1. Select, from CYS167, CYS185, the only residue that is within 25 Å of GLN62 (Cβ to Cβ) and touching a residue at least 40 places away in the same chain (Cβ under 8 Å).
2. Return a yes/no flag: does segment 20-29 have any residue that is within 14 Å of the ligand (Cβ to nearest atom), surrounded by 18 or more Cβ atoms within 10 Å (Cβ to Cβ) and at pLDDT 95 or above.
3. Would you point out the residue of segment 136-161, among those that are within 15 Å of the ligand (Cβ to nearest atom) and either part of a helix (DSSP H, G or I) or not aliphatic (A, V, I, L, M) (or both), that is farthest from the chain's Cα centre (by Cα)?
4. Would you check if MET3 is modelled with pLDDT under 95 and within 16 Å of the ligand (Cβ to nearest atom)?
5. Which residue, of VAL132, VAL144, is buried (at least 24 other Cβ atoms within 10 Å of the Cβ) and modelled with pLDDT of 95 or more?
6. In segment 94-114, which residues are more than 10 Å from the ligand (Cβ to nearest atom) and not charged (D, E, K, R)?
7. From the list ASP79, ASP53, ASP84, ASP88, exactly one residue is within 24 Å of ALA127 (Cα to Cα) and not aromatic (Phe, Trp, Tyr). Which is it?
8. Residue check, ASP53 against (1) surrounded by fewer than 12 Cβ atoms within 10 Å (Cβ to Cβ); (2) within 23 Å of GLY178 (Cβ to Cβ), all met but one. Which one?
Amino acid sequence: MEMTSADAAKKRAAEAAIAQVESGMRLGLGTGSTMRFALEALGARLAMGELRDIVGIPTSQQTADHACKLGIALGDFADIDMLDLAIDGADEVETGTLNLIKGLGGALLREKIVAANSRRFVVVADASKQVVQLGAHAPVPVEVTAFGHQAVARRLTQAGARPVLRCDDSGQPAVTDGGNLIYDCHDLGPITDAAGLDQRFSAIAGVAGTGLFHGLATEALIADGDHIRILRRA
Ligand code: A5P
């Protein structure tokens, strides 16, 4: 099947990020369709012998399974203090701040832990993800404990959101790798204070984490046509 232009762009951005990987690095491995291309590129560099002694911490079971198939060694935070480089996709990337909305793939909590424990965090995305201000297209995913999630939803509404419980294809609540649920919070854009909103949501008992990532990304590689735009945090 022929690759769509969006997939071709994701692949270009992913490959540009994997080109930054050096032997001996401890990597954070994100989740999503762009990251699938990154894992393939990393697996290919390992298979060619261009890289050695790479260990990755996966942000989801899906990424762990794919990485294992490609021969990428995996570890966890029991053995790794700080990652050298985390690579991940995003649903929105704000120009200038590199604040992000993440989590439409459901792995937001682990993705945030990995990004927060990495010296560098490179975001890979196609140009449709770059926005002037967050909240342009994507809702803000909020991961919540299953216990009392209805109460959490009411507090999210009081905090100004329109939370919608995420369901899987069979109509059942989608359960994260951590056993939590996700509310996609709509009607929040444009988000002028991502840090403040994250703080307000995170303060609600039962919220495990939000998909608002601020002050974490150090660089974004945005594929636009044949060109890769490199954005650094202002
Ligand atoms: C996974 O939970 C998400 O944060 C993804 O990183 C994000 O949804 C981007 O995914 P795609 O690369 O599939 O667009």
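1. CYS185
2. Pass one, segment 20-29, residues within 14 Å of the ligand (Cβ to nearest atom): 28-29.
Adding the requirement that they be surrounded by 18 or more Cβ atoms within 10 Å (Cβ to Cβ) leaves 28-29.
This time we only want the ones that are at pLDDT 95 or above, so: 28-29.
Yes, segment 20-29 has at least one match.
3. Among them, the one singled out is HIS137.
4. Yes.
5. The conditions single out VAL144.
6. Pass one, segment 94-114, residues more than 10 Å from the ligand (Cβ to nearest atom): 94-99, 113-114.
THR95, GLY96, THR97, LEU98, ASN99, ILE113, VAL114, listed by residue number.
7. It is ASP88.
8. Every listed condition holds for ASP53 apart from (2).
The values are calculated or read from the model by the stated rules, or taken from the named source; none is laboratory data. These numbers come from a predicted model, not from an experiment. Using ideal geometry, Cβ is built from the backbone for each residue, glycine included, and neighbour counts are taken over all protein chains shown.
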